[in-house]
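Just below is one structure, and these are the notes that go with it.
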Amino acid sequence: MSLLSILNPLKNLLSFLTVFPVNMDENMLTDCAKHMWAFPLIGALLGLLAGAVGWVALQFIPSLVVGAISLALLLWLTGLHHTDGLLDFGDGIMVHGNAEKKIAVMHDQLTGAGAIGLTLMTYIVTAFAFAEFGKTIPIAGFQIPLIVPGLIIVEVCAKLSMVTVAWIGKSVHQGMNSTFLSAMHGTGGNWRLIAALIISFGIALPLIGWSGLFVVAAAILTGLIMTAIAHKNFNGVTGDVFGATNELTRMVCAVVLLAVITWV
């Protein structure tokens, strides 16, 4: 295996999942789908960058502001692509009617109350949860600010949940989403999911111990629930469902992380 064969997929994943100025290949989508198992690695990088900025900010400004800044930075690093999916998903699930009508509403240019309400609730809860990451936790006998490992783990989990959705979901129509769903089905998809799980647990457990087990489990459960909601409302998974899953899982896992470090 050459160095190029390793670096090229990572380059495409960075181009697809972040705003980093990385050139993409013509077969970027197919390449990213085949290497969807590495989504949590990109999440870890994003969380590390946001966590480092958050840790520095905590030295100068209140944690409540740092929580909002950390979330804003993560949204900027991902180019707000997933936010668009969250908005459309909110409108889609609030509309009465059949799957075709709901999908049509998701694809129109209007932003309704469902989109605004779901997005505001998601980001407000996430920002407040991140604000609590200003506290310290014991790791290997040292008191470590939670904001660095916390942001790494929740962003890893956000990406893992999308892998879960691709593994279990079915495609509504041929498009960008179907490329990922096809790659995650069958024997190859099973191995990609296993690799993503190993990476996620391999990052979470060393950082926060057994608490990481519950947070990663929450990400998997959120992905399964989002898939069930998508199948019920849209008869399958769309690209917007992937984006909404990322944002909602980040929120859920941030809250779960705060709960488990208190009780475990």
Helix axis angle, 186-208 relative to the chain longest principal axis, alpha carbon, degrees
20 degrees
So what's the projected area for the stretch 142-262, the Cα convex hull averaged over all directions, in nm²?
7.2 nm²
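Counting pairs of alpha carbon atoms under 8 Å apart in space and at least six apart in sequence, what relative contact order in percent does the stretch 75-166 give? Please list the in-between numbers first.
On the way: 65 pairs, mean separation 17.6, N = 92.
Value for the stretch 75-166: 19 percent.
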Translational D in µm²/s for the stretch 101-171 (Stokes-Einstein at 37 °C, 0.692 mPa s, Kirkwood Rh from C-alpha pairs)
214 µm²/s
Counting sequence-distant residues (5 or more places) and residues on other chains, those with an amide H built under 5 Å from that of Ser171 are Val237
For the chain, longest principal axis from Cα atoms; helix 113-131 axis from its Cα atoms; angle between them, nearest 10 degrees, is 20 degrees
Principal axes first, then extents: for the Cα atoms of the stretch 53-189, list largest minus smallest coordinate on each axis, whole Å, largest first.
52, 41, 22
So for each of 122-133, 48-59 I average, over its residues, the number of other beta carbons within 10 Å; can you give me the resulting order with the highest mean first?
122-133, 48-59
How compact and how long is the stretch 60-111, expressed as Rg and Dmax of its alpha-carbon atoms in Å?
15.7, 51
Tell me the mean residue ellipticity at 222 nm calculated for the chain from its helices only (DSSP H runs of n ≥ 4, each -39500 (n - 2.57), averaged over every residue, nearest 500).
-25500 deg cm²/dmol
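My understanding is that a pair violates if its Cα-Cα distance is over 22 Å; which of Lys34/Lys170; Lys170/Lys232; Lys135/Lys159; Lys34/Lys232; Lys101/Lys170; Lys101/Lys159 do that in this structure? Provide the component values of the computation, followed by the final result.
On the way: Lys34/Lys170 17 Å; Lys170/Lys232 12 Å; Lys135/Lys159 25 Å; Lys34/Lys232 27 Å; Lys101/Lys170 19 Å; Lys101/Lys159 29 Å.
In this structure, Lys135/Lys159; Lys34/Lys232; Lys101/Lys159 lie more than 22 Å apart at Cα.
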For Gln109 and Leu213, what is the calculated FRET efficiency with R₀ set at 30 Å and r taken between the beta-carbons, to the nearest 0.05?
0.10
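Test of understanding: what is the full-extension gain from Lys101 to Val22, defined as 0.36 nm times their sequence separation minus their Cα-Cα distance? Each step should come with its number before you reach the end.
On the way: separation 79, 0.36 × 79 = 28.44 nm, distance 3.72 nm.
Separation in residues times 0.36 nm, less the Cα-Cα distance, equals 24.7 nm.
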Within straight-line cross-link reach of Lys11, aspartates and glutamates at Cα separation under 19 Å, skipping those fewer than 8 residues along the same chain:
Asp25, Glu26, Asp31, Glu155
Please report the spacing between the Cα centers of the stretch 53-111 and the stretch 190-264 in Å, no decimals.
17 Å
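Compute the relative contact order of the chain as a whole-number percentage, counting only Cα pairs closer than 8 Å that sit 6 or more residues apart in sequence. Kindly include the intermediate steps, with their values, before the conclusion.
Numbers: 431 pairs, mean separation 69.1, N = 264.
After rounding, I find 26 percent.
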Ranked order, Phe60, Phe234, Phe16 - accessible area, probe 1.4 Å, largest first
Phe60, Phe16, Phe234
Over all directions, average the projected area of the Cα convex hull of the stretch 194-256 and note it in nm².
4.4 nm²
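Of the listed peptides 244-254, 34-44, 111-121, what is their order by residue-averaged count of other C-beta atoms within 10 Å, with the highest listed first? Before the final figure, lay out each step's value.
Details: 244-254: 27.5, 34-44: 23.0, 111-121: 15.3.
Going by the mean number of other Cβ atoms within 10 Å, highest first, we get 244-254, 34-44, 111-121.
What's the long-distance tail for the chain, i.e. % of Cα pairs beyond 31 Å? Intermediate values should be presented prior to the final figure.
Details: 7953 of 34716 pairs.
Here the tail beyond 31 Å accounts for 23 percent of pairs.
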Phi angles of the stretch 67-80, converted by Karplus (6.51 cos²θ - 1.76 cosθ + 1.60, θ = phi - 60°) into ³J(HN,Hα) in whole Hz with x for Gly and Pro, give x, 5, 5, 4, 5, 4, 5, 4, 5, 5, 4, 9, x, 6
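Once you have the Kirkwood Rh of the stretch 16-122 from its Cα pairs, apply Stokes-Einstein at 10 °C and 1.306 mPa s and quote D in µm²/s. List each step's numbers first, then the result.
Numbers: Rh = 16.3 Å.
It diffuses with D of about 98 µm²/s by this estimate.
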Stokes-Einstein D in µm²/s, Kirkwood radius over Cα pairs - the stretch 155-206 at 37 °C with 0.692 mPa s viscosity
288 µm²/s
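The values are calculated or read from the model by the stated rules, or taken from the named source; none is laboratory data. Because the structure is predicted, anything quoted here is derived from the model rather than measured. Please note: Cβ atoms are built from the backbone with ideal geometry, for glycine as well, and neighbour counts cover all protein chains shown. Protein only, heavy atoms only, side chains kept; ligands, DNA and RNA dropped before computing areas. Shrake-Rupley method; radii C 1.70, N 1.55, O 1.52, S 1.80 Å.
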